[in-house]
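First the structure, in the form of structure tokens, and then the observations on it.
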Amino acid sequence: MHAFLIIGNSEERIAYSKKLVAKLKVKTLEFPLSKIADTRELGKVTKLSFNTPTAILINSIDEITEEAGNAFLKNLEEPQENIFYILTANSLAAVLPTIVSRCQIIKVKGQRLKVKNENTEKFLELTTGGKLAVVDKIKDRGEAKEFIQNLIEISHFNLLNSDKNKIITVMDLEILIKTLNNLKSNGNVGLQLACLTINLN
């Protein structure tokens, strides 16, 4: 495995990153990544030949733009020899599922699945009609965002721990994250939730 994703608070992530670097016996290159221009710069760096094993440390991968995240995927799909990626994030739910699926996930102490509403977990098992009945009751934008955030958490957990079809789970995660972004951009709450329900696998 050439890519690791460490989930935890800032102090926990830093401590575990140091342990991982020592275990891998690699040099470390910390690289800031937040927007598409940063991804292009990283691409120039990784095209160079590395004579010694090197870990590229990217902190807060959960805060980069979707455009930058999609561009960064190429680095994970086509790893250069002697290069490892160590990514850190506070929340697994905010990381693009396509990035998650290409990393070994390390949840440091205290990181557990947190679902504020137990009914949210049952939502994914409902029929389309049942799901529509649930989302029809959600009118408030804040409630809608929290609902989607919980669904993302559950789907990430299933991706890592369930025997369910991972391709379908990744596809659903992409739909959920897109819906959350649309809600954050003031998209119509009812329309976004209805579209989500119809498009989920």
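Within region 80-87, is there a residue that is under 18 Å from the mean Cα position of the chain (by Cα), in a loop (DSSP other than H, G, I, E, B), surrounded by 15 or more Cβ atoms within 10 Å (Cβ to Cβ) and modelled with pLDDT of 90 or more?
No, region 80-87 contains no residue that is under 18 Å from the mean Cα position of the chain (by Cα), in a loop (DSSP other than H, G, I, E, B), surrounded by 15 or more Cβ atoms within 10 Å (Cβ to Cβ) and modelled with pLDDT of 90 or more.
Quick grid of which residues meet (1) surrounded by fewer than 17 Cβ atoms within 10 Å (Cβ to Cβ); (2) in contact with a Ser or Thr (Cβ under 7 Å, 6 or more places away or on another chain); (3) in the same structural domain as residue 76 (by TED's automatic domain parsing):
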position	(1), (2), (3)
13	no, yes, yes
19	yes, no, yes
22	yes, no, yes
25	yes, no, yes
31	yes, no, yes
35	yes, yes, yes
46	no, no, yes
49	yes, no, yes
53	yes, no, yes
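Keeping to region 25-59, report how many residues are modelled with pLDDT under 90 and in contact with a Pro (Cβ under 9 Å, 6 or more places away or on another chain).
Number of matching residues: 1.
Can you name every residue in region 32-46 that is within 12 Å of residue 75 (Cα to Cα), in contact (Cβ under 8 Å) with a residue 24 or more places away in the chain and not hydrophobic (A, V, I, L, M, F, W, C)?
Listed by number, the residues that qualify are 39, 40, 43, 46.
Wholly within region 135-201, which helices (runs of 4 or more DSSP H) include no fewer than the required count, namely at least 3 residues that are within 17 Å of the chain's Cα centre (by Cα) and either of a type in the set (Lys, Arg) or buried (at least 21 other Cβ atoms within 10 Å of the Cβ) (or both)? It would help to see each step written out before you state the result.
Working: elements: 141-161, 166-184, 189-199.
Answer list for region 135-201: 141-161, 166-184.
Give the residues of region 1-27 that are part of a strand (DSSP E or B) and more than 17 Å from residue 76 (Cα to Cα), sorted by residue number.
7, 27
Output the residue which, of all residues in region 108-133 that are at pLDDT 85 or above and not in a loop (DSSP other than H, G, I, E, B), is surrounded by the fewest Cβ atoms within 10 Å (Cβ to Cβ).
Filtering first and then ranking leaves 129.
The values are calculated or read from the model by the stated rules, or taken from the named source; none is laboratory data. The shown structure was predicted, so the numbers you read here are calculated from the model rather than taken from an experiment. Counting neighbours? That spans all protein chains shown, and the Cβs are built from the backbone with ideal geometry, glycine included.
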